[in-house]
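Structure first, then comments.
The values are calculated or read from the model by the stated rules, or taken from the named source; none is laboratory data. For clarity, every value in this text was computed on a predicted model and none was experimentally measured. In this analysis, Cβ positions are derived from the backbone assuming ideal geometry, glycine residues included, and neighbour counts consider all displayed protein chains. Just so you know, the surface numbers come from the protein's heavy atoms only, side chains and all, with ligands and any DNA or RNA stripped out. Shrake-Rupley method; radii C 1.70, N 1.55, O 1.52, S 1.80 Å.
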Amino acid sequence: MKKKKLNLRDLKVDDSGKKENSMNNKVSSQLSIREYIPSIFSFVMLIAGILFDYFETFLQFSGWIRILWYVVAYIPVGFPVIKEGWESIKQGDFFTEFFLMSIATLGAFAIGEYPEGVAVMLFYAVGELFQSAAVKRAKRSIKALLDVRPNEALVYRNNNYVSVNPETVAIGEKVQVRVGEKIPLDGILLSEKGSFNTAALTGESKPDTIAKGEKVFAGSINLDGVIEIETTKEFKDSSIARILDMVQNATARKSKTELFIRKFARIYTPIVVFLAIGLTFIPYFFVDDYVFSDWLYRALIFLVISCPCALVISIPLGYFGGLGAASKNGILFKGASFLDEMTKVTTVVMDKTGTVTKGVFKIKNVVVNNGSLSEAEMMKYLMAMEEQSTHPIAKAIMEYKADGEDFQATEVTEVAGKGLKGMVNGKTVLVGNKPLMISNNIEVPSETDNIVESIVMVSIESKFAGYVIIADELKDDAHDAIKQIRESGISKIIMLSGDKDSITQQVAKEMGVDWAKGGLLPEDKLKEVEKLMSENDNKVAFIGDGINDAPVLAVSDVGIAMGGLGSDVAIETADVIIQTDQPSKIARAIKIGRSTRRIVWQNIGLAFGVKAVVLVLGAGGLATMWEAVFADVGVALLAILNAVRLQKMNWK
């Protein structure tokens, strides 16, 4: 009857992992069947006993035969509970649910209510089995993560690829991954490109295409061709291992509601025990026709009804269900407490670059001011010059596709803080900003003064040829994210960015946030968020993605990090990790938190409501042990089934 916690750290993987998993599954299946045998045996014995009681005249089912029959029916389900209660008493914990059920059922035997004594313990045992099944169901998302942990790695050693345990692979070793196999460790892709299924890590089913030199993560499945990677982390430090560890720790961080209920149960249980004792003996002084067995029966009913297991079981299961549902959606909460905090958020503050934008420069527009040049020709001059640069803007320009033969640049020199100067096809070419043009007496169109994005201007033979607007792209779901956040009831959305204020204001206006501020250092962002948090009843969630955002992520009521797979700082600092880099998941995190809280409070209301009614009826002699069983085990089962609903919900 003892509940065992799933400890992810205890699960080891070796070269024979697949065989071991197969055998474990068979053993687990056999164990699950064996778990039900005691309850089935007791149930058959109980039904047979009740039938024998009904036909007692014919079968002579009475005396010691009847007592022995029900004792045999009771032992398979009752002994484990009595044993657990005794173990708790030896550790100084008297008032547990095991103690309550033991006293209630043994008391029923003492006053001759044998069938009811067996029935109470049987239904309690069945409730425990249902609880166990519900917990297993709630842990499926974590087990799915466990399943993606690879069992072997093909490592290049001694001029050959050998299969080894991933835990033995060192940083910097070369690993080969075949089609359909899992990436064993985090690393850098050595092959030209690869296509990967990252669903277990990010919750997204769309394949992810990675180019040479980019990061790949343990647990991803290789979909296209044999690839090679160079490991950058040990197995224990891989992204999947850290995510598993974080989910494990999340279940240990209790919400305030959960902690309150556990404290409440420790105070509540001894109170009901003493009330039951009082219910047994106090009526002796006030009731004329006092019958000890009748009042003891009422007290036993009182004990069964008052057992707090429905609350103690269903509330943590509700939060666990919420954590599991969130992880299936690519959202990792670092504790049940943050599920609660998400429901209280009134203000969402977000960074710009890397949070709502992709953090990658792209060509937004190409404008040609020289009628004798085509767009492709001007871009060839520009690309010939930028090929010499390693600047991120140069990289964006080099992605432009121009037909025909490429131009070659010579004598390229850098003009500090302004751009590049060189020769292309025998012509003098200047590439850079407005100050570069002005310093070379080149007239720049006034229309460029109103452009807030980054501009690369081009001059050929001292004549202004045109310009290219470079901008950071909004993420695909950025607009949808703002819409969904507003629909979830958030009253204020703010953008704070280190980028220049003009760009920040333009992005904020395009997205429809309430107000924005740019040109901020990390300490400036921190001051702004602390100012917001100081306002009455204002709960602030901050969304960021990098080292610069770490101080604000740490101080905000709820810190949400984008792209947790690749960011060590985000994993360490934030309270919630959005694994897919999608800002629209923020609204989903709020919805999951609210659904979890709603189900938890439904369970609390159900448990207290039903128990209060049946307690009054029991104390007044109007309820039997059967109603008591429903008030305890029945309510627990209903609460568990309600909590399991979280696994079926859709928050699209």
Worksheet item: Which residue, of 329, 365, is out of contact with any Gly (no Cβ under 8 Å at 6 or more places or on another chain) and polar (S, T, N, Q)?
Response: 365
Response to the item:
Exactly one of 382, 430 is surrounded by 14 or more Cβ atoms within 10 Å (Cβ to Cβ), touching a strand residue (DSSP E or B) at 6+ places or on another chain (Cβ under 7 Å), part of a helix (DSSP H, G or I) and modelled with pLDDT of 90 or more, and that residue is 382
Worksheet entry | Hey, residue 494 assigned to a strand (DSSP E or B), in contact (Cβ under 8 Å) with a residue 60 or more places away in the chain, of a type in the set (A, V, I, L, M, F, W, C) and farther than 26 Å from residue 539 by Cα or not | no
Item to complete: Sort out which residues of segment 183-198 are farther than 12 Å from residue 224 by Cα and either touching a Cys at 6+ places or on another chain (Cβ under 8 Å) or among the charged types (D, E, K, R) (or both), and write them in order of number.
Response: 186
Fill in: Search result, residues across segment 269-302 that are of a type in the set (Ser, Thr, Tyr), part of a helix (DSSP H, G or I) and over 19 Å from residue 105 (Cβ atoms)
284
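Quick one: in segment 498-520, of everything that is assigned to a loop (DSSP other than H, G, I, E, B) and farther than 19 Å from residue 533 by Cβ, which residue is most open to solvent (accessible area, probe 1.4 Å)?
500
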Fill in: Given (1) modelled with pLDDT under 90; (2) open to solvent by 30 Å² or more (accessible area, probe 1.4 Å), number of the condition residue 351 does not satisfy
(2)
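Can you pull out every residue in segment 451-469 that is within 24 Å of residue 396 (Cβ to Cβ) and either under 36 Å from the mean Cα position of the chain (by Cα) or of a type outside the set (A, V, I, L, M, F, W, C) (or both)?
Of all residues in segment 451-469, those within 24 Å of residue 396 (Cβ to Cβ) come to 451-460, 464-469.
Within segment 451-469, 453, 454, 459, 466, 467 meet the criteria.
Yes or no, residue by residue, for (1) closer than 22 Å to residue 124 by Cα; (2) under 38 Å from the mean Cα position of the chain (by Cα); (3) modelled with pLDDT of 80 or more:
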site: 236; (1), (2), (3): no, yes, yes
site: 244; (1), (2), (3): no, yes, no
site: 260; (1), (2), (3): no, yes, no
site: 263; (1), (2), (3): no, yes, no
site: 278; (1), (2), (3): no, no, yes
site: 283; (1), (2), (3): no, no, yes
site: 297; (1), (2), (3): yes, no, yes
Item to complete: State the number of residues belonging to segment 76-97 that are within 21 Å of residue 629 (Cβ to Cβ), β-branched (Val, Ile, Thr) and open to solvent by less than 50 Å² (accessible area, probe 1.4 Å).
Response: 3
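If the requirement is being in contact with a helix residue (DSSP H, G or I) (Cβ under 8 Å, 6 or more places away or on another chain), under 29 Å from residue 442 (Cα atoms) and not acidic (Asp, Glu), which of these qualifies: 519, 466, 512?
It is 466.
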Worksheet, complete the sentence: Checked segment 100-121 for anything assigned to a helix (DSSP H, G or I) and open to solvent by 40 Å² or more (accessible area, probe 1.4 Å); matches are 103, 106, 110
Response to the item:
Scanning segment 324-348 for residues that are polar (S, T, N, Q) and open to solvent by less than 10 Å² (accessible area, probe 1.4 Å) gives 347
Worksheet item: For residue 483, all conditions in the list (1) in a helix (DSSP H, G or I); (2) crowded, with 20+ Cβ neighbours inside 10 Å hold save one; what is the number of the exception?
Response: (2)
Item to complete: Any residue in segment 411-430 that's touching a residue at least 40 places away in the same chain (Cβ under 8 Å): show its pairings with residues that are part of a strand (DSSP E or B) and surrounded by fewer than 14 Cβ atoms within 10 Å (Cβ to Cβ) at Cβ separation under 9 Å, as long as the two are six or more apart or on different chains.
Response: 424/410
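Yes or no, residue by residue, for (1) open to solvent by less than 20 Å² (accessible area, probe 1.4 Å); (2) at pLDDT 85 or above; (3) under 25 Å from residue 484 (Cα atoms); (4) over 18 Å from the mean Cα position of the chain (by Cα):
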position: 539; (1), (2), (3), (4): no, yes, yes, yes
position: 542; (1), (2), (3), (4): yes, yes, yes, no
position: 570; (1), (2), (3), (4): yes, no, yes, no
position: 573; (1), (2), (3), (4): no, no, no, no
position: 593; (1), (2), (3), (4): yes, yes, yes, no
position: 608; (1), (2), (3), (4): no, no, no, yes
position: 628; (1), (2), (3), (4): yes, no, no, yes
position: 635; (1), (2), (3), (4): yes, no, no, yes
Discussion item. Looking only at segment 466-476, how many residues end up being in contact with a Ser or Thr (Cβ under 6 Å, 6 or more places away or on another chain) and among the aliphatic types (A, V, I, L, M)?
Written reply: 2
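Filter segment 60-75 for residues that are open to solvent by less than 40 Å² (accessible area, probe 1.4 Å) and modelled with pLDDT of 85 or more and give the result.
70, 73, 74
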Practice prompt. Six or more apart or on different chains, Cβ under 7 Å: which pairs go from a residue in segment 611-633 that's touching a residue at least 24 places away in the same chain (Cβ under 8 Å) to one that's of a type in the set (S, T, N, Q)? Could you list them?
Written response: 611/306; 615/306
Worksheet item: Which condition does residue 392 not pass, out of (1) surrounded by 19 or more Cβ atoms within 10 Å (Cβ to Cβ); (2) of a type outside the set (A, V, I, L, M); (3) in contact with a strand residue (DSSP E or B) (Cβ under 9 Å, 6 or more places away or on another chain); (4) modelled with pLDDT under 85, if it passes all the others?
Response: (1)
Worksheet entry | Identity of the residue in segment 433-449, out of contact with any helix residue (DSSP H, G or I) (no Cβ under 8 Å at 6 or more places or on another chain) and hydroxyl-bearing (Ser, Thr, Tyr), that ends up least open to solvent (accessible area, probe 1.4 Å) | 439
